[in-house]
Amino acid sequence: MNRSSLFYALFHPVNLAVLVLAAAAGACAAWWLFPIGVVFWLAMVIITIRDPRLAMILLPKSRKPLAQRYQNLFNRIEQARISVFNSLSTSNPSVRRILAPAQRKLDALVNQAYQVFQQISVLENNRLVNQMNSRSDSSLVQTEQKIAAATDPNVKRDLEEARKALEKRQVQLSSLSAILDRADAQLAGLATDVDGIVTRFTSLQAVKLDQVKPELPKLMQTIQAEMDHLEKFSQEVNSDSVLP
């Protein structure tokens, strides 16, 4: 339980209505109705907190915003998780019970994806800031022109140092852009694969019960493979990225 879920449960309109009715009954009818009403209110708060739908509502709201470049893509992945939850909540209870481990694993995949999206968002935000603060290619050309025209050795040396700094920054930004371009392809592929996982969840709810259980290991392996790919990609980003 976290503060968001507790706050939501305490101030849920239905739960508040029960508490108000308990207070009114205790004041207007019999005092002992109030503590009974409080017991009912506490029970409803606990039920609300334990309701898995609450996590579906609050978790997306609790996530910090990602870089604009990646926010919509992650929203697509998050929505896939919600779609699986909604479809399973209305499916056969036996099917829902069999697929519960795969659903939990999908939740873990989405949470892991969010961590990677955060990691990439840091790089993207850094790229944007440094791109705005860095000098343009024309500045490098102008610096080279000044070097060619300089006659004072000290001035020429300072200009050459400035040129080296500009060239280094350009190389770093180019390298960072390449990493982010690779991230675009990797994360877009993840979103497509998650859509495919959602389709498998949906199709399994439409088959006979005795056909669902044998398919569970395959579904779990598919999700685990996505988690392994994400972990490998995250490690590659950590080793390849050099922030300017």
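Treat the count of other C-beta atoms within 10 Å as a stand-in for reagent exposure and order L209, L190, L106, L123 from fewest to most. Please report the intermediate quantities before stating the final value.
Numbers: L209 10, L190 23, L106 26, L123 18.
By the 10 Å Cβ count, ascending, the order reads L209, L123, L190, L106.
Ranked by how many other Cβ atoms sit within 10 Å of their own Cβ, fewest first, the residues F85, F201 fall in the order F85, F201.
Applying a threshold of 32 Å to the alpha-carbon distances of K64/K232; K61/K213; K208/K232; K168/K232 flags K61/K213; K208/K232 as lying beyond it. The coefficient of translational diffusion for region 138-244, derived via Stokes-Einstein from the alpha carbon Kirkwood radius under 4 °C and 1.567 mPa s, stands at 70 µm²/s.
Counting Cα-Cα pairs of region 154-208 in 5 Å increments starting at 0 gives whole-percent bin shares of 4, 16, 10, 10, 9, 8, 9, 6, 6, 6, 4, 4, 3, 2, 2, 1, 0.
Of the residues I223, I82, the one with the fewest other Cβ atoms within 10 Å heads the list, and the complete ranking is I82, I223.
Across all directions, the average flat footprint of the convex hull enclosing the Cα atoms of region 65-240 is 11.7 nm².
Read-outs throughout are calculated quantities, based only on the coordinates presented, and are distinct from any laboratory measurement. If you're wondering where the values come from, they're calculated on a predicted model, not measured in any experiment. Backbone-built Cβ (ideal geometry, glycine too); neighbour counts: all protein chains shown.
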